[in-house]
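> Okay, here's the structure, questions in a sec.
Laboratory data are not the source of any read-out in this text; all were calculated from the coordinates shown. The structure displayed is predicted, hence computed values, not measured ones. Counting neighbours? That spans all protein chains shown, and the Cβs are built from the backbone with ideal geometry, glycine included.
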Amino acid sequence: MGATGLVSIIERFAVRDGPGIRVAVFLKGCPLRCWWCHNPETQHTTPELLLRDDRCIVCGSCVEACEHEAIGPAEAAFATNRSRCASCGDCTDLCPTGARALVGTRITAPELLREIDKDRVFMEQSGGGVTFSGGEPLMQPQFLDEALRACRAAGLHTAVETSGYAPWSATAVVLRADLVLFDLKAFNDDVHHRVTGVSNQRILDNFRRLARDHPAVRPRIPLIPGVNDDEANIEALGRIIASVGLREVDLLPYHTTGKAKSEQLGRPSLLSNVAPPSPEALAAARRQLERCDLIVHVEG
Ligand code: SF4
Ligand code: SF4
């Protein structure tokens, strides 16, 4: 019997997480709590209720559906007591507008492959493939291993996007992928701990080991104004990347979609009043990395 994975979303026509047109599979669960998280719905290891109040037409269907009496009263049907919510999803099935959604579905590798295979023609014509992201895919190493094996057996290009925060026994699963997208956030360990909740020692160890053992590791630096965009940090990360023999790096500018999703999950955003980096700040970071002899790609 194979493992089941907990998946938040299977995104079709993804174009940012590897070459060509891809299917991006976002796995749930992450040991980090980055202030700027772009996918907060993937952080927890259980299904979660996502509420979009702008879509609610106050039809009341959800009040009737909830056996846990977490919703209501009827005239304010959208109001939900999350401490009572059991994340059963009964209300989402009846909501006619998509104001309620349950994030988190269990799926096996063969089931996932059947979903992915629906987009095979686009992947093949564009030189694309499948990217496993999250959350942190390495939190579900057995499922990830089975899914990577299934995709490779089906002739699909595979990529894994990771924070690198996992024991080597789990990290080594990505040796099976064609491409590893490896996020690097902060060089200084105190800063890293403060803005992500964990030390960067294991991450840097895994990065160096993967750069040695895997033929296609692509480092990525999220650029978060006022958090990790200072010259010393960007330069230090550039030096680490160059020191392991890699020549290309992606710069990922902060964007605010994670903030809206945090609100829909009923969790306060850890980063408020921060705007995406200016063109000047992006250009400065690019120049610092180029001074380390790196080719820099800025995610548009
Ligand atoms: S997910 Fe289940 S428990 Fe939670 S509000 Fe909806 S019906 Fe009630
Ligand atoms: S079922 Fe959906 S649209 Fe109807 S009251 Fe509940 S949240 Fe609003």
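> Let me have the 222 nm mean residue ellipticity of the chain computed from DSSP H runs of 4+ only, each contributing -39500 (n - 2.57), with the sum over all residues rounded to the nearest 500. Intermediate values should be presented prior to the final figure.
Details: 11 runs with 97 residues, N = 300.
It lands at -9000 deg cm²/dmol.
> Kindly give Rg over Rh for region 1-98, based on alpha-carbon atoms, with the Kirkwood expression for the hydrodynamic radius. Walk me through the intermediate numbers first.
On the way: Rg = 16.4 Å, Rh = 15.8 Å.
Computed over Cα atoms, the ratio is 1.04.
> A further question on this structure: Normalised radius of gyration for region 207-300, please: alpha carbon Rg relative to 2.2 N^0.38 Å, two decimal places. It would help to have the intermediate numbers written out before the result.
On the way: Rg = 14.9 Å, N = 94, 2.2 N^0.38 = 12.4 Å.
Cα-based Rg divided by the globular estimate yields 1.21.
> How big is region 109-177 by the Kirkwood estimate over distinct Cα pairs, in Å? Let's see the in-between values first.
Details: mean 1/r = 0.0814 Å⁻¹.
Its Kirkwood hydrodynamic radius stands at 12.3 Å.
> Hey, which lysines would be in cross-link range of LYS261, C-alpha to C-alpha under 24 Å, not counting anything within fewer than 8 residues on its own chain?
LYS28, LYS185
> While we're looking at this one, here's another question. Please report the relative contact order for the chain, taking Cα pairs under 8 Å with a sequence separation of at least 6, and give it as a percent rounded to a whole number.
19 percent
> log10 I(q)/I(0), Debye, Cα-only the chain, no solvent, q = 0.07, 0.12 Å⁻¹?
With no solvent term, the Cα-only Debye profile gives -0.29, -0.83.
> Here's something else I'd like to know. Could you check how many percent of all C-alpha pairs in region 204-247 are farther apart than 15 Å? Intermediate values should be presented prior to the final figure.
Numbers: 416 of 946 pairs.
The answer is 44 percent, as a whole percent.
> Work out from phi, with θ = phi - 60° and the Karplus expression 6.51 cos²θ - 1.76 cosθ + 1.60, the ³J(HN,Hα) of each residue of region 235-247, listed in order in whole Hz, and give x for Gly and Pro.
Once rounded to whole Hz, the list reads 5, 5, 5, x, 5, 4, 4, 5, 5, 9, x, 8, 10.
> Moving on to the next point. Show which aspartates and glutamates lie in cross-link reach of LYS259 when reach means a straight Cα distance below 13 angstrom and same-chain residues fewer than eight apart are skipped.
Leaving aside aspartates and glutamates fewer than 8 places away in the same chain, those within reach of LYS259 are GLU41.
> For region 48-102, just run the numbers: alpha carbon Rg, then divide by 2.2 N^0.38 Å, N being how many residues it has.
On the way: Rg = 9.5 Å, N = 55, 2.2 N^0.38 = 10.1 Å.
Here the answer is 0.94, to two decimals.
> Moving to a separate point now. Using the Karplus equation 6.51 cos²θ - 1.76 cosθ + 1.60 (θ = phi - 60°), what ³J(HN,Hα) coupling, rounded to whole Hz, does each residue of region 216-226 give in order, writing x for Gly and Pro?
9, 10, 10, x, 9, 10, x, 9, 10, x, x
> Relative to a virtual label point 7 Å from the Cα of GLU124 in the Cα→beta-carbon direction, which members of region 143-162 show backbone nitrogen distances below 17 Å?
The answer is 151-158, whose backbone nitrogens lie closer than 17 Å to the label point.
> For the chain, with a Gaussian network of springs between Cα atoms less than 10 Å apart, report the residue from ASP90, ASP250, ASP178 with the top mean-square fluctuation.
ASP90
> Summing Lys, Arg as +1 and Asp, Glu as -1, what charge do residues with Cβ under 15 Å from the Cβ of LEU270 carry, LEU270 excluded?
Numbers: positive: ARG33, LYS185, ARG194, LYS259, LYS261, ARG267; negative: GLU41, GLU263.
Surrounding charge for LEU270 is +4.
> Which of PHE182, PHE132, PHE78 ends up with the largest GNM mean-square fluctuation for the chain, with Cα atoms connected below 10 Å?
Among PHE182, PHE132, PHE78, the largest GNM mean-square fluctuation belongs to PHE78.
> Something else now. Can you compute log10 of I(q)/I(0) for region 65-209 with the Debye formula, treating each Cα as one identical point scatterer, at q = 0.13 Å⁻¹?
Here log10 of I(q) over I(0) equals -0.80.
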